[in-house]
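I have placed the structure first, in the form of structure tokens, so that the comments after it can refer back to it.
The values are calculated or read from the model by the stated rules, or taken from the named source; none is laboratory data. Given the structure is predicted, the values throughout are model-derived calculations rather than measurements. Don't worry about glycine lacking a Cβ; one is built from the backbone with ideal geometry, like all the others, and counts go over all protein chains shown. The accessibility values were calculated without ligands, DNA or RNA, using every heavy atom of the protein model including side chains. Shrake-Rupley method; radii C 1.70, N 1.55, O 1.52, S 1.80 Å.
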Amino acid sequence: MTETTFDRTGITHIVWDWNGTLLDDNHANLAAVNAVCAQFGREPVEMDYWRSVFRRPLIPCYEDLLGRPFADGEWEHAERLYDSSYLEHLHTCELSEGVPDVLHRWSGGGGTQSLLSMASHEHLVPLVTERGLTSHFTRVDGRRFATEHDSKAEHLVRHLDHQGIDPAGVVLIGDIDDDARAAREAGARSVLVASGLMARERLEATGSPVVDSPVAAVAALLAA
């Protein structure tokens, strides 16, 4: 992590991402991607490849992956197929290393934290509850509405507005470049973890600090 690019001044609240950040689900994501590939006649991909090309918006990302545009109704079919395959593998996904201890560490230092994911709200909330994490967060939000650019930015603005939190005191910890973009557009800061769905060099290209894990992110925030 490049210390000179990161100003910790005034940070009191973390907004955590879920998939690829607090939840170690890369293998479930890849299995779901390859289920889509199989349905659409594309050879399966490896994790390193997927981490090099994955991006939001999702539709053009998948169209590039499959080598053609979606016809009417095909994207919705791909989404259902992805969701079905992901759910088949979800029971094998563990919390990322150091979770929930790292959540205790941040709150023990006087900070507050919430959770914002681009997974659907109805899907997210039971998962967080089942894993006993809800009490750590001042608010838990999944994707509640569609946006033109399929970005977390508008969701983050609403997430903070609902809590009355000044974005100047917020850091978003996530695993893809859209997390950095969302934080920047909302007036917050970001730290990216290289353990999720995007290759480290792509994360570093955002200009946000990049660390190996959620534990490393909080350690950096708490460093004197």
Practice task
Considering only the range 129-147, state which residues are closer than 14 Å to residue 114 by Cα and without any contact (Cβ under 8 Å) to a residue 24 or more places away in the chain.
Solution key: 129, 134, 135
Fill in the blank from the handout: Among 125, 170, the single one that is more than 24 Å from residue 79 (Cα to Cα) and modelled with pLDDT of 95 or more is 170
Fill in the blank from the handout: Considering residues that are in a loop (DSSP other than H, G, I, E, B) and either surrounded by fewer than 15 Cβ atoms within 10 Å (Cβ to Cβ) or aliphatic (A, V, I, L, M) (or both), the number found within the range 64-77 is 6
Exercise for the section: Look at the range 1-25 and say how many of its residues are open to solvent by 20 Å² or more (accessible area, probe 1.4 Å) and modelled with pLDDT of 80 or more. Expected result: 7
Practice task
Look at residue 45 and say whether it is part of a loop (DSSP other than H, G, I, E, B) and touching a residue at least 12 places away in the same chain (Cβ under 8 Å).
Solution key: yes
Handout entry: Count - residues of the range 78-93 that are surrounded by 13 or more Cβ atoms within 10 Å (Cβ to Cβ) and in contact (Cβ under 8 Å) with a residue 12 or more places away in the chain
Key = 10
Problem - Residues that are surrounded by fewer than 22 Cβ atoms within 10 Å (Cβ to Cβ) and under 19 Å from residue 151 (Cβ atoms), drawn from the range 179-217 - result: 181, 184, 185, 187, 197, 202, 205, 206, 207
Handout entry: the range 107-122, residues that are within 11 Å of residue 136 (Cα to Cα) and open to solvent by less than 10 Å² (accessible area, probe 1.4 Å)
Key = 113, 114, 115
Practice task
Pairs only if they're at least six apart or on different chains, beta carbon under 6 angstrom, first in the range 203-218 and more than 8 Å from residue 192 (Cα to Cα) and of a type in the set (Asp, Glu), second assigned to a loop (DSSP other than H, G, I, E, B) and open to solvent by 10 Å² or more (accessible area, probe 1.4 Å); list them, first residue then second.
Solution key: 212/194
Practice task
Taking residue 172 as meeting all but one of (1) under 17 Å from residue 11 (Cα atoms); (2) over 16 Å from the mean Cα position of the chain (by Cα); (3) in contact (Cβ under 8 Å) with a residue 60 or more places away in the chain, write down the number of the exception.
Solution key: (2)
